[in-house]
1. With respect to residue 142, determine if the residue is buried (at least 16 other Cβ atoms within 10 Å of the Cβ) and touching a Ser or Thr at 6+ places or on another chain (Cβ under 6 Å).
2. Would you be able to tell me the number of residues in the range 146-164 that are touching a strand residue (DSSP E or B) at 6+ places or on another chain (Cβ under 8 Å), among the aliphatic types (A, V, I, L, M) and in a helix (DSSP H, G or I)?
3. So is residue 124 under 29 Å from residue 220 (Cα atoms), out of contact with any Cys (no Cβ under 9 Å at 6 or more places or on another chain) and not aliphatic (A, V, I, L, M) or not?
4. Look through the range 165-223, keep the residues that are among the charged types (D, E, K, R) and outside any strand (DSSP E or B), and return whichever of them is surrounded by the most Cβ atoms within 10 Å (Cβ to Cβ).
5. Test each condition in (1) in a helix (DSSP H, G or I); (2) surrounded by 13 or more Cβ atoms within 10 Å (Cβ to Cβ); (3) assigned by TED's automatic domain parsing to the domain that holds residue 206; (4) of a type in the set (S, T, N, Q) for residue 42 and report the one that comes out false.
6. Out of 2, 27, 95, report the one residue that is closer than 22 Å to residue 172 by Cβ, outside any loop (DSSP other than H, G, I, E, B) and among the hydrophobic types (A, V, I, L, M, F, W, C).
7. What number of residues within the range 78-92 are within 12 Å of residue 13 (Cα to Cα) and either free of Cβ contacts under 8 Å to residues at least 24 places away in the same chain or part of a loop (DSSP other than H, G, I, E, B) (or both)?
8. Among 65, 105, which is part of a loop (DSSP other than H, G, I, E, B) and either touching a Lys or Arg at 6+ places or on another chain (Cβ under 9 Å) or outside the structural domain of residue 136 (by TED's automatic domain parsing) (or both)?
Amino acid sequence: MIRAIVFDFDGLIIDTETLEYELLQQIYAEYEVELLIETYAQNIGSNIGEFNPYSNLSNALNQEIEAQFVKNLHRERLQLQLPNLVLRDGVMDYIHQAKQMNMKIALATSSNRKWIDDFFARFDLYQYFDYICTSDDVTHVKPNPELYLRALSLLGVEGHEAIAFEDSHNGSIAAVAAGMHCVAVPNPVTQHFTFEHCSLILTSMAQTTLSEVIDNIEGKNNT
C-alpha cells in the first residue's frame, strides 16, 4: 500500500533545468559552439560530474576562457529569468490530492536548501511538505540513494510504500536504488531518456490523477 510520495524539485516541481540549459546554449552560441543536450543532460539531477559545462567551453574553443566567468555569466542571466518560472502543470493537483488521501509528502533534491527556499516561499509550498531533504543533509547526492533513504526514514515508511516523482535519469536511479516506485515526469531537457527502470512515465502530472497513478502501480504489484 502506498503511504507517501516524494518529489524531486528542479525540473519536476519547477522546470529550472530547461531554462538553465537554454541560457547555457545562448552563451555557447555567442562563441559559435554547440552545447548538445545529450552531453549536458548527463549531470541533471546530480552535481556536476565528468562534464563541466563551464570549463567545457574553453576546451571546445581550445582557448582560455575562465570557467568562473562562464558560471557567473550564466548565473546572472538565470537570476533575471527566475521570477518568470511557474509550477509545472499538475503539481499542485498532486499535492492537494495527496493531502486529501492523508498521505505523507517529502522533498528529496540534490540542490541546496538556499536554492529551494525562495521558490517554496514564493509558491507557499512549505505548508504541504512533512519533510524536506536537500544536499545540505547528506554526504552524497543523486544518483546515490542517500537522499531518498533519508526521506523514507523521516517519513517512517518502507521503499515499497512510497512513490518518487522524478524528471531525471540520475534521480530515478537513486529512487529505484532506495527501493521505491518511481514515476518519471520528464521535461524538455530530459525527455530523451528512456526511464526503463521506472514504474510509469507521464508527460506531465496533468495527464492523470494521483489516484490513477497509485492504482496503476499497486495493480502491477498484484499481478
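1. On the way: buried (at least 16 other Cβ atoms within 10 Å of the Cβ): yes; touching a Ser or Thr at 6+ places or on another chain (Cβ under 6 Å): yes.
In short, yes.
2. 5
3. Taking the combined requirement at face value, the residue does not satisfy it.
4. Looking at the filtered set, the residue picked out is 167.
5. (3)
6. 95
7. Number of matching residues: 6.
8. On inspection, the qualifying residue turns out to be 65.
The values are calculated or read from the model by the stated rules, or taken from the named source; none is laboratory data. In this text, all values refer to a predicted model and were calculated from it rather than measured experimentally. Here Cβ is always computed from backbone atoms with ideal geometry, including for glycine, and neighbour counts include all displayed protein chains.
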